[in-house]
Amino acid sequence: MKTGIFICHCGHNIKHTIDVKKLSQYFKKYPGVTVAEDYPFVCSEPGQDMIRDNIEKKGLDRVLIASCTPSLHGELFKDLLKKSDLNPFLLRRVSIREHCSWVGDDLDINTEKARRLILAGLYSAAHYVPLEEKIVDVTKTALIVGGGVSGLSAAAFLSKMGMQVYLVEKEAELGGHTRALKDIWPAGRDGKDIINEMVNELTGRSNVEIFTSTTISAFEGFFGNYEVTLNTPEGEKKLTAGGVIVAVGFAPFDPVVKPELNYGKDERIITTLEFEKMADNLQLPENPRIAILHCVGSRDEQIGKPYCSRVCCINALRVGDAIKEKYKDSYIESFYMDVRAHPRGGEEFFEDTQEKGVLFTRSNIAEIIPGSKGILVRGEDTLFNEFFEREFDLVVLSIGMSPPVDSKLIATLFKITLDKDKFFLEAHIKLRPFDTAVKGIFIAGSCSGPKDVEESINHGRASAVKLYGFLNLGYAFVDPFISVVDPKRCSGCRMCEQACVAKAIKYDEIKRIVHVEEAACMGCGLCNSTCPSSAITLKGYADMIIDDEISALTEAI
């Protein structure tokens with residue numbers, strides 16, 4: 001065995017708290033190690049050239065890279081081994097940045113821990129065997145769940161690229177909440193016009209099938225060949241999709257959750273969404289007094305909404321601006337915690353609104369009390385540390401975005417994950433912001449977190465581009481880390497079948513044993529740990545690998 005160990009400085013991230021020279025000198029003398037080098041940036045072009053040259057000139061059959069977390073640059077290093085005619089699954093990554101450098105400042109302790117981690121990786125790599133990715137045929141069709149602006153923009157891109165698109169919307173009409181908006185900032189366009197343009201573009205294409213008033217009752221299969229059952233007004237319909245984009249939008253926060261606001265008990269207390277619908281029909285006096293409350297249902301840990309909804313401040317500014325346009329002598333006071341005028345141009349809009357006469361008070365609102373003459377707003381001015389009571393003719397609550405009502409149901413159906421706020425969780429917030437943990441299933445729009453209309457449209461297009469890249473070739477590679485059943489040891493107890501979240505394990509009624517559908521297997525290892533007969537193993541993993549890693553980590557302790 002000829003192993004090459006390459007230790008990254010990561011600039012000063014690793015080198016500052018780990019003696020990388022000492023590590024490379026130590027492993028140069030270690031049995032089975034042909035080369036041990038440290039380099040400023042192993043992921044850089046010169047760093048890759050160094051690894052490639054050592055593989056070719058010294059005939060390396062294992063490569064160990066001690067650097068950042070394995071999830072970062074994983075594909076880059078695997079491609080490097082492929083181009084060097086070395087099986088990419090003979091690569092071992094060891095995280096010494098996140099596990100050592102970033103958790104302590106003691107040079108000696110960090111260096112010793114890094115040595116043990118690299119040694120554990122070296123011991124386990126000795127058991128690696130060449131594995132091959134499996135090629136599976138994929139259906140060049142896309143299922144888009146949700147007919148808001150994100151789903152429509154994703155459908156428009158994919159259909160334009162010639163792919164068959166199935167668009168599913170549970171409501172009777174497409175457009176979501178955008179359809180109700182009359183003045184979308186900053187474009188100033190009516191939401192209905194935007195939606196109608198997008199819908200007209202889709203309805204004119206033969207490769208788009210739209211299902212409204214439709215829900216998904218069953219979802220099975222694997223990437224490239226998902227079997228979907230729809231409940232349509234005409235009855236049950238089955239179809240096959242290569243991949244899925246989940247774009248189910250958000251749910252407006254319901255202020256009833258905060259009883260101190262008395263929402264729903266007086267028609268003079270409304271939300272920003274309701275203001276959009278009834279702005280032209282509001283019955284107000286000649287010089288009305290209007291209160292606007294920011295961050296209702298956002299940045300509030302007491303009700304489990306600690307996040308910022310991003311659109312509340314702009315919506316509050318739009319309400320103030322709209323009322324000032326209609327009632328120039330009106331008194332408008334906005335009660336805010338902090339003004340976060342997102343997106344670009346928001347700060348200028350904030351300043352313009354102030355110049356028009358809208359007053360902004362940094363405050364915490366305690367309660368809203370409806371009265372016969374007006375609405376009483378009580379709170380604390382947090383700049384002057386003073387309590388106040390003011391009477392208004394109308395109170396507008398700038399409500400935030402909540403997760404979709406059926407997010408848990410959808411997450412269970414598609415086997416995808418929710419974050420702590422119950423929005424759908426992306427695979428990686430920076431590297432894979434459109435992917436989920438399940439291959440071929442993507443998320444788009446505000447179902448993954450609060451976004452405005454423009455962001456949602458762009459997010460939908462980006463997810464569509466990712467899905468198109470997966471399906472366009474008509475085939476895809478599947479990682480070889482899948483479960484394998486030993487038929488001689490399998491007792492047919494079917495415990496693994498119950499444990500499998502991917503539904504990749506099937507029971508053979510004739511042979512009375514189970515087998516694994518390789519394309520559907522996610523490689524999670526649940527079946528492996530569940531099997532009482534030890535009849536299931538995971539390719540690329542073995543008990544002896546774990547045993548040897550533990551031996552290396554506990555050496556001389």
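The values are calculated or read from the model by the stated rules, or taken from the named source; none is laboratory data. What you see is a predicted model; the values in this text were computed from it and never measured. Every residue, glycine as well, gets a Cβ built from its backbone with ideal geometry; the counts of neighbours run over all protein chains shown. Just the protein is used for accessible areas: all its heavy atoms, side chains included, with ligands, DNA and RNA removed. Shrake-Rupley method; radii C 1.70, N 1.55, O 1.52, S 1.80 Å.
Less than 5 angstrom separates the built amide H of HIS9 from those of TYR39, PHE41, VAL42, all sequence-distant by 5 or more or on a different chain. Please identify which residues in the range 435-457 have an amide N closer than 17 Å to a label point set 7 Å out from the Cα of ASP479, following the Cα→Cβ vector. Counting backbone N atoms under 17 Å from the label point, the list is 435-442. Note on ILE550/HIS428: beta-carbon distance plugged into 1/(1 + (r/R0)^6) with R0 of 45 Å gives a FRET efficiency of 0.95.
For the range 317-327, 3J(HN,Hα) computed residue by residue from phi via the Karplus equation (6.51, -1.76, 1.60; θ = phi - 60°) reads 5, 5, 5, x, 5, 5, 5, 5, 5, 8, 10 Hz, glycine and proline entered as x. Against the criterion of solvent-accessible heavy-atom surface with a 1.4 angstrom probe, ILE441, ILE513 sort, most first, into ILE513, ILE441. For the range 151-156, 3J(HN,Hα) computed residue by residue from phi via the Karplus equation (6.51, -1.76, 1.60; θ = phi - 60°) reads x, 5, 5, 5, 5, 5 Hz, glycine and proline entered as x. Solvent-accessible surface of protein heavy atoms, probed at 1.4 angstrom with all chains present, puts SER456, SER372 in the order SER372, SER456, largest first. Kindly provide the chymotrypsin sites (Phe, Trp or Tyr not before Pro) of the range 333-393 that DSSP labels as loop, not H, G, I, E or B, and whose Cβ sees at most 15 other Cβ atoms within 10 Å. The qualifying sites are PHE384.
Computed from the alpha carbon atoms alone, the convex hull of the chain holds 208 Å³ per residue.
Cross-linked pairs LYS78/LYS511; LYS305/LYS503; LYS237/LYS503; LYS182/LYS451: Cα-Cα separations exceed 29 Å for LYS78/LYS511; LYS305/LYS503. In loop segments of the range 1-62 as defined by DSSP, the chymotrypsin sites (Phe, Trp or Tyr not before Pro) with at most 16 further C-beta atoms inside 10 Å of their C-beta are PHE41. Per-residue surface analysis assigns ARG115 an accessible area of about 30 Å², computed on protein heavy atoms at 1.4 Å probe radius. A 1.4 Å probe over all protein chains sorts GLU355, GLU209, GLU426 by accessible area into GLU355, GLU209, GLU426, starting with the largest. ASP548 sits with roughly 50 Å² accessible to a 1.4 Å probe, with DNA, RNA and ligands left out of the calculation. Accessible surface for the chain, divided over its residues, is 48 Å² per residue with a 1.4 Å probe.
Just the number, please: carbon plus sulfur as a percent of the accessible area of the chain, 1.4 Å probe, no ligands or DNA/RNA counted.
On the way: 13720 of 26890 Å².
Here it works out to 51 percent.
Extending 7 Å from Cα along the Cβ direction at LYS420 and again at LYS21 yields two label points whose distance is 4.2 nm.
The distance linking the range 320-348 with the range 286-302 is 11 Å (Cα centroid to Cα centroid, whole angstrom). Entry note, the chain: relative contact order of 14 percent, from Cα contacts under 8 Å with a spacing of 6+ residues. Computed over the range 339-385, relative contact order equals 28 percent, with contacts defined as Cα pairs under 8 Å that lie 6+ residues apart. Is the shape of the range 156-263 rounded, prolate or oblate, going by the alpha carbon gyration tensor and its root eigenvalues a ≥ b ≥ c, with a/c under 1.5 for rounded and a/b larger than b/c for prolate? It comes out oblate by the Cα gyration axes. Dipole magnitude for the range 91-192: about 220 debye, using +1 per Lys or Arg Cβ and -1 per Asp or Glu Cβ, origin at the Cα centre. Applying both filters, DSSP loop and at most 12 other Cβ atoms within 10 Å, to the trypsin sites (Lys or Arg not before Pro) of the range 208-314 gives LYS265.
Close amide-amide hydrogen proximity is noted between PHE250 and no other residue 5 or more places distant or on a separate chain, at a cut-off under 5 Å (H modeled in the peptide plane; Pro and chain starts excluded). A simple rule links phi to the HN-Hα coupling: the Karplus curve 6.51 cos²θ - 1.76 cosθ + 1.60 with θ = phi - 60°, which for the range 135-142 gives 9, 10, 6, 10, 7, 7, 9, 10 Hz, with x for Gly and Pro. Straight Cα distances below 22 angstrom link LYS83 to the lysines LYS2, LYS57, LYS58, LYS134, with same-chain residues fewer than 8 positions distant left out. Counting only protein heavy atoms and using a 1.4 Å probe, the accessible area of LYS408 comes to about 130 Å².
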